[in-house]
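> The structure is given below, and queries will be raised subsequently.
The values are calculated or read from the model by the stated rules, or taken from the named source; none is laboratory data. The structure presented is a predicted model; accordingly, all values stated were derived computationally and were not measured. All Cβ positions, glycine included, derive from the backbone under ideal geometry; neighbour counts span all protein chains shown. With ligands, DNA and RNA removed, areas are computed over all heavy atoms of the protein, side chains included. Shrake-Rupley method; radii C 1.70, N 1.55, O 1.52, S 1.80 Å.
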Amino acid sequence: MTEVRPTPPSADGDRAARRPSEVSVRMAAARAAAILTVPAAAVFLGLVAVGELSPWHGLGGVAVTAAASFLLVRRHHADLAVLRRHLDNRAGVDDPRSAIAERRSALAGIGEVGAASELALALERADRRAQDWIDRLAQRSQAQALVIETIPDPLLLIDARGRVDQANGAARRQFGQQIVDRDLSTVIRHPDVLATVRRALAGEAGGDVEIAIAAPVERVFNVRIEALASDGRGGAAALMLFVDLSAIRRAEQMRVDFVANVSHELRTPLATLLGFIETLQGPARDDPDARDRFLEIMKSQGHRMSRLVQDLLSLSRIETNEHQPPSDRIALLPVLEGVKATLDLEARRKDMRVRLEVDAVLPAVVGAEDELAQVVQNLLDNAIKYGRPGTEITLSARRADRVPASFPGGPTGKAVAIAVRDRGDGIAPQHVPRLTERFYRVDAARSRDLGGTGLGLAIVKHIVSRHRGALGIQSTPGEGSLFTVYIPAADGAAPARGATAA
Ligand code: ADP
C-alpha cells in the first residue's frame, strides 16, 4: 500500500508574494479601464473636433467612461483574486477535506453574477465529486486496514528503509506490541528472511522462507515475502506474511510416530508367533509338553495383538465422533456396577478388592453409556494392573463440588466426578502430563507384561473430551494414584438412587 502524501506547502512568504494584493488588483483594473476608454475617447474627441460637443463635455464623457470601466473591471478582478487566493491556499494544505470544507467561507466575497461566480459554482460541483471520491477511498482503506488487522496470521509491512511500517494484531502478539518503526533485523534475526526482504526492497522478486521461532512458544512459519509498488516517499515497500505450519508439522510428526509405534507394538508378538510356529513345525514337532506350552504363549500373544487392534479401532471411532458430543441421559450406578462385576475376578486374582462408593442421590450425566463404561473399565483395569496386591481400590461417583479449570462448562459448570483410587507405586510427577499420549508408558516392559497396550488413557482422554468433560490425575510415588473424570451433569432430578456396595 502506498500512502499518497500531498506536496509540501511552499513557504508562506512565497505564497504571499504570489497572492494578488489590492494594489495589483487596482493596477490591473486601471490598465484594463485605460484600454477600454481609448475607443470612447476617440469618439468624444471626434465629436469635439466637428463641433458637436464642447471640449468640457468631451472631457467629462471620457472621464465618466474611464471611471465606469475602472469600477466594473476592478470588481471583476477582485472576485478572480479571491478565487485564486483560495486555490493557492488549497494547493498548500495537507488535508483536502478541510480545504473543500473551507471553500464556502473563503469565496463568500464573490458576487452572485458574473464569470467569477460561475467559476465558483463550477468549483463547488467539482468539489462535491472530489468529496465523494475521497469518502470512497477512505472507506476502502478502512476496510483494507481491518482485513490486515484481522488476518489470523502475523503480517508485517516493511518500509523502504527496512523498518516495520505496520503490524497486524497477530504480528504484535507474536513479536511484541512495540515493533512498529523498529528495524526489521531487531524483530527477526533469521538471515534468510532478512536477505529476502532486502532483495524485495531492492525491487527483485520476494520468496518463501521457512523458519522456526522459539518464543513465546515454539512455532514453525512459512514466511511469504512480496515486494510492493512504492513511490519511494514512505509507506510500505514489502509485505511479510507468516503462515503457521506448527499444527501441520505436529500432525505429520504424530502420524510418523504413530505408524512407527503401531509397527513396533505388532512386531514383537508377530515375531514370537512366527518363532513358535517354526519351532512347532521343526524341533518340537513330536514334543506334546512343549507344544502345549508354546500354544499357550502363542494364544497370549494373539490376544495381545487383538487387544491392540481393538484399542486402535476404539480410538479411531472416538476420534471420528469427537466433535459431536453425546446427548443421552445416563444413570451412572448401573454402569459402575457392570464394570465392577466384569473386573472383580481380575482383582481377586491379585487379592484386591474394589469398593464402590456412590452418592445416595447422584445426578444423571449427559453421555454415551458404552463410552463411559469404557472409561471406567480402562481406569479400573489400570488400578488393578498397577495397584499393589492385597490392597483396596475405590471406585466412586459423586456430585463435583469443584471442577478443574479445563472443564469446558467453566468453573461453575455442574458435573459428576467419577474417581478411581489405587494403592500402588504411584507415578513420578514428570510422567503425569504425558500419560494420555498414545503409547506413552512409564515402564514399557512392565506395561506389556501386564497386557497393556499403552492406549488405555489415550482412549479415556478422547472419550472425556467428546463428553466435554475433564480428566484429573493425582499421584504420589509410593502411595498410589487417583484418576478423576468430570462428566457434565444432566439437568433435572436424579434418575437413579445411588448406593454403596463393596
Ligand atoms: P497401559 O496399557 O500401558 O496401561 P495406559 O494408557 O492405560 O496404557 O497407561 C499409560 C501408562 O500410565 C501405563 O503404562 C503406566 O505406566 C501408567 N499408569 C496408568 N495408570 C496407572 C496407575 N493406576 N498407577 C500407576 N501407573 C499408571
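> Condition first: of a type outside the set (G, A, S), more than 8 Å from the ligand (Cβ to nearest atom) and open to solvent by less than 80 Å² (accessible area, probe 1.4 Å). Now tell me which residues in the stretch 424-435 satisfy that.
V432
> Report yes if some residue within the stretch 402-409 is open to solvent by 10 Å² or more (accessible area, probe 1.4 Å) and within 16 Å of the ligand (Cβ to nearest atom); otherwise report no.
Checked against the condition, which is being open to solvent by 10 Å² or more (accessible area, probe 1.4 Å) and within 16 Å of the ligand (Cβ to nearest atom), the stretch 402-409 yields no hits at all.
> Among the residues of the stretch 400-423, which ones are at pLDDT 95 or above and either assigned to a loop (DSSP other than H, G, I, E, B) or not aliphatic (A, V, I, L, M) (or both)?
Residues satisfying the conditions are R421, D422, R423.
> Would you point out the residue of the stretch 436-446, among those that are of a type outside the set (F, W, Y) and farther than 17 Å from Q377 by Cβ, that is farthest from the ligand (Cβ to nearest atom)?
A445
> For the stretch 447-485: of the residues being within 12 Å of V420 (Cα to Cα), more than 8 Å from the ligand (Cβ to nearest atom) and in contact (Cβ under 8 Å) with a residue 24 or more places away in the chain, which is nearest to the chain's Cα centre (by Cα)?
Only one residue tops the list, namely L471.
> Moving on to the next point. Looking for whichever is among the hydroxyl-bearing types (S, T, Y) and within 21 Å of Q144 (Cα to Cα) here; the options are S185, S230. Which one fits?
Of S185, S230, the one residue that is among the hydroxyl-bearing types (S, T, Y) and within 21 Å of Q144 (Cα to Cα) is S230.
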